[in-house]
Amino acid sequence: MACRFCPQDRLVKSYPKGEPRDLSLADFLTVLEKLPSHVRVDLSGMAEPWLNPDATAMAILAFERRRAVAVYTTLQGMTPDEATLLIGRFGSRVSPETPWVIHLPDDEGNMVGWRPSETYRETLSRFLAFARLQGPDGLSFMTMSATGSVAPALQDLVRDTLPPFRGISRAGNLNQEEFRPGALLAAVRQEHALLCGSTPFFDHNVLLPNGDVLLCCMDYGRQHVVGNLLTQTYEAIHAGATLGTIRAQAMTPSAGTLLCRHCHNAVCLSHRDGTHWRLTAAAMWSPDVAAEPIPYPLQPAPQQPARLPRPGLRRMLERVLAL
């Protein structure tokens, strides 16, 4: 299984030889217990999560511990019974903040290696029935087709037109020349101070099977390994030198080789001739762009006339000052 819009070859080449290729259930539980309660658990990653045979067990662990859980899957590797279990027990937890997104093979063959099977069709049918009967906000289906069309083998199941898709360069990890014109947004180079459009704290991270924590899901080349959750605490990673350097580079215009400078999800900051940073575009955590800064220098506040102390207080001050 591979997707033309996900440069997994770069991850394979950069992943340490001899390290685990699947996250174990025991290690998942170790990591889960280290995460602060506000951290959402995304069953997604840089490859299909359900190619790990323990993926459903991991989902159950996270849901039963009342974690916020999002699911991004192609359904490859998931069985119809697992789909029924997840929908029946946890379908009520689907929301815009904790979405379940089903990525379907498309008519352009972008999901390389996908082959139709009765198991896949039945698993997909369970989710389609869930969508028809309950249609929760947060449950969605997508392709990576410019027309939103699914693979011919699924067109009898998926009759609705899905949103058209246009890709991004994955922070420069995809080669524009390998795609038809217009398939990818134009490459970017952010020169201003910046933050991530998903989080201002650089904490929208990815866990690899060996415990390594990457800066984000764009880092297929493992350019920014910020720590390891099997050997460190969450707090130690986010207070560590690596993330500190990333934050410093992000806030220094044009500084360093930060991956974010090539990312479409970065949001830039500007002083706009003032003294305070302001977003230059909307972010997920700040949907409204801030107003223009207050002009500088500020006008001094008008001076209030001095008031004399009350008579009793005046006599007390005179005695103290006399000492």
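The values are calculated or read from the model by the stated rules, or taken from the named source; none is laboratory data. Computed from a prediction, not measured in an experiment: that's the story for all the values here. Using ideal geometry, Cβ is built from the backbone for each residue, glycine included, and neighbour counts are taken over all protein chains shown. We work out accessible area using only protein heavy atoms, side chains counted, and drop any ligands, DNA or RNA first. Shrake-Rupley method; radii C 1.70, N 1.55, O 1.52, S 1.80 Å.
Overview of values
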quantity: Restricting segment 117-148 to residues that are over 15 Å from Gln76 (Cα atoms) and small (Gly, Ala, Ser), the residue that is surrounded by the fewest Cβ atoms within 10 Å (Cβ to Cβ); calculated: Gly135
quantity: Subset of segment 197-224 (residues that are of a type in the set (A, V, I, L, M, F, W, C) and either modelled with pLDDT under 95 or in a loop (DSSP other than H, G, I, E, B) (or both)); calculated: Phe201, Phe202, Leu208, Leu215, Cys216, Cys217, Met218
quantity: Failed item in (1) touching a residue at least 60 places away in the same chain (Cβ under 8 Å); (2) closer than 25 Å to Met142 by Cα; (3) buried (at least 17 other Cβ atoms within 10 Å of the Cβ), with Cys216 passing the rest; calculated: (1)
quantity: Residues located in segment 112-136, provided they are modelled with pLDDT of 95 or more and either among the acidic types (Asp, Glu) or in contact with a strand residue (DSSP E or B) (Cβ under 9 Å, 6 or more places away or on another chain) (or both); calculated: Glu118, Glu122, Leu124, Phe127, Leu128, Phe130, Ala131
quantity: Residues of segment 172-183 satisfying the condition of being open to solvent by less than 60 Å² (accessible area, probe 1.4 Å) and free of Cβ contacts under 8 Å to residues at least 40 places away in the same chain; calculated: Gly182, Ala183
quantity: Wholly within segment 1-111, helices (runs of 4 or more DSSP H) carrying at least 3 residues that are open to solvent by 40 Å² or more (accessible area, probe 1.4 Å) and modelled with pLDDT of 95 or more; calculated: 25-34, 80-90
quantity: Number of positions in segment 21-57 that are in contact (Cβ under 8 Å) with a residue 60 or more places away in the chain and either within 16 Å of Leu214 (Cα to Cα) or charged (D, E, K, R) (or both); calculated: 11
quantity: Test for Ala151: is it surrounded by 13 or more Cβ atoms within 10 Å (Cβ to Cβ), under 15 Å from Asn110 (Cα atoms) and either under 22 Å from the mean Cα position of the chain (by Cα) or touching a residue at least 40 places away in the same chain (Cβ under 8 Å) (or both); calculated: yes
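Yes or no, residue by residue, for (1) touching a residue at least 40 places away in the same chain (Cβ under 8 Å); (2) within 17 Å of the chain's Cα centre (by Cα); (3) open to solvent by 50 Å² or more (accessible area, probe 1.4 Å):
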| position | (1), (2), (3) |
| --- | --- |
| Arg170 | yes, yes, no |
| Leu185 | yes, no, yes |
| Ser198 | yes, yes, no |
| Tyr220 | yes, yes, no |
| Gly240 | no, no, no |
| Thr245 | no, no, yes |
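Residues are listed down the side, and each one gets a yes or a no for (1) within 27 Å of Gly167 (Cα to Cα); (2) hydroxyl-bearing (Ser, Thr, Tyr):
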position	(1), (2)
Arg89	no, no
Ser92	no, yes
Pro96	yes, no
Glu108	yes, no
Pro116	yes, no
Arg121	yes, no
Leu124	yes, no
Ala129	no, no
